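Structure, as structure tokens:
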Amino acid sequence: MRNVIAKVIISFVFSYACITACQPYDQVETIDPKFFIEVTNQVDLTFQEMLQAFGKELEEIEMSEEIVTLAEKLFGDHVVTAYVINYNTIDPLGNRAVASGTIYYPKNFKIKGVVEVAPIAYLQKTSGASDRIPATEALQSMMGYLTIIPDFLGYGVSKDTHYCTFLNVDNVGIVGYHMREASREFLRTLGYKLPEHTLLAGYSLGGSSAMAMLRYYELHGERVTVEKASLGCGCYDPRTAFDVYARTGYCAYTVIPTVIYAMDKYEHLNLDYTKVFTGDLLKYYPQWLDRSPEHGAGTLNENLTSDIRTYLHPDFFTEEKNAEFHKIYKVLKQYSHVDGWTPKTPVYIYHAQDDEIVPFECAEYAYAEFKKRNAPVSFYSGNGGHVGYASKMFIASRPLKSS
């Protein structure tokens, strides 16, 4: 999964190489914050240290040696400070919650603009972006882009207090917005005024999370204008995804049980799991879905297979389904990132036609629905699978000029 991020960020970095922006510095301030609570970690990072986050995956990217050589000449002396912050937000039930995220702040060179990145979501709760410093999602900070990465609930500081809120469009949106507001408050103490203009990006679950953030920003956000949203291989309409899973019986990444489990927790579905799961998953789901390091995607993939018929109840694959799946589908409809709003921001959707994790139909649905409403949406597709297609994302999009 790290290779996905590597390919996306390398493409992202050079797609935005021409963006320019003013840097609104101001006097250092003492603040009375509403959202920001505290800094829990602070790390200075060099360009080489940022590259090390990719590990061996970087070597597998086409032209990676030439890209790295050029990047070292351009950005080799750049230093970025990563600030992990805790902040106030709310959970899906409306209760106060404390979430975390990371701000990657260019330390010794000019800030060109702001990028908010919704991170790829690993199943294990200890793999939030703030637990992976330097996070691969932040490489563009070395090119001058102040980068804000929310953990979302279920990761970082909230990994033991909240279950992940996978695909919960309303909560993901507001938690992302509160991270932005907390960042605004904290950055004032550094003498930096967060500009109103921003870019949004994300891949895989990060793609749908970034769309949730865009939706919230446009419907409720103040003091923020999104210039562009670049979204890759996201699950923008969960109901569409589940329809494809039911038809094909296939998903290469064992995320479906976790999504269902999260829905049950936050929507009080009181599911009878004897009518939802089957086989070993029915026996061990309380342990296997606890998102501990011992029960991450690797463990689930070892115990389950890409043939979802081996762990989902047979009724899931029928047209009628049973009462428990009716409950699930009702929530899936509520979790649509597409229905009920029309984006004003230019949205660039990228998706692999042969995506074996998030069905291509999710992107088709989003594009078709937005296009019906005359939204400024563009759609790019190709082959390569969920991981392989990542390197093609962002290449077709044109750089923006921020102000």
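Quick notes on this structure:
- Flag for Gly94 being more than 20 Å from the chain's Cα centre (by Cα) and on the phi > 0 side of the Ramachandran plot: yes
- Residue check: Ile395 meets all listed conditions (1) modelled with pLDDT under 95; (2) surrounded by fewer than 14 Cβ atoms within 10 Å (Cβ to Cβ); (3) at positive phi but one, namely (3).
- Sole residue being surrounded by 22 or more Cβ atoms within 10 Å (Cβ to Cβ), modelled with pLDDT of 95 or more, touching an Asp or Glu at 6+ places or on another chain (Cβ under 9 Å) and not aliphatic (A, V, I, L, M), chosen from His162, His197, His178: His162
- Residue count, the stretch 305-339 (criterion: of a type outside the set (Lys, Arg) and either farther than 13 Å from Gly249 by Cα or in the same structural domain as Glu218 (by TED's automatic domain parsing) (or both)): 17
- Checklist (1) at pLDDT below 95; (2) outside any loop (DSSP other than H, G, I, E, B); (3) out of contact with any His (no Cβ under 8 Å at 6 or more places or on another chain) applied to Met142, failing item: (3)
- Pairs are defined by a Cβ separation below 6 Å, a sequence spacing of at least 6 or placement on different chains, a first member in the stretch 111-129 that is free of Cβ contacts under 8 Å to residues at least 40 places away in the same chain, and a second member that is part of a loop (DSSP other than H, G, I, E, B) and buried (at least 23 other Cβ atoms within 10 Å of the Cβ); the pairs so defined are Gly128/Asp151; Gly128/Tyr155; Ala129/Pro119; Ala129/Ala135; Ala129/Asp151.
- Of the residues Thr81, Thr147, the single one that is among the β-branched types (Val, Ile, Thr) and over 18 Å from Gly176 (Cα atoms) is Thr81.
- When Glu320, Glu324, Glu294 are checked against the criterion of being free of Cβ contacts under 8 Å to residues at least 12 places away in the same chain and over 25 Å from the mean Cα position of the chain (by Cα), Glu320 stands alone in meeting it.
- Residue that is surrounded by the most Cβ atoms within 10 Å (Cβ to Cβ) [pool: residues in the stretch 296-330 that are over 13 Å from Phe277 (Cβ atoms) and in contact with a Leu (Cβ under 7 Å, 6 or more places away or on another chain)]: Lys327
The values are calculated or read from the model by the stated rules, or taken from the named source; none is laboratory data. Because the structure is predicted, anything quoted here is derived from the model rather than measured. Cβ sites come from the backbone with ideal geometry, for glycine too, and all protein chains shown count toward neighbours.
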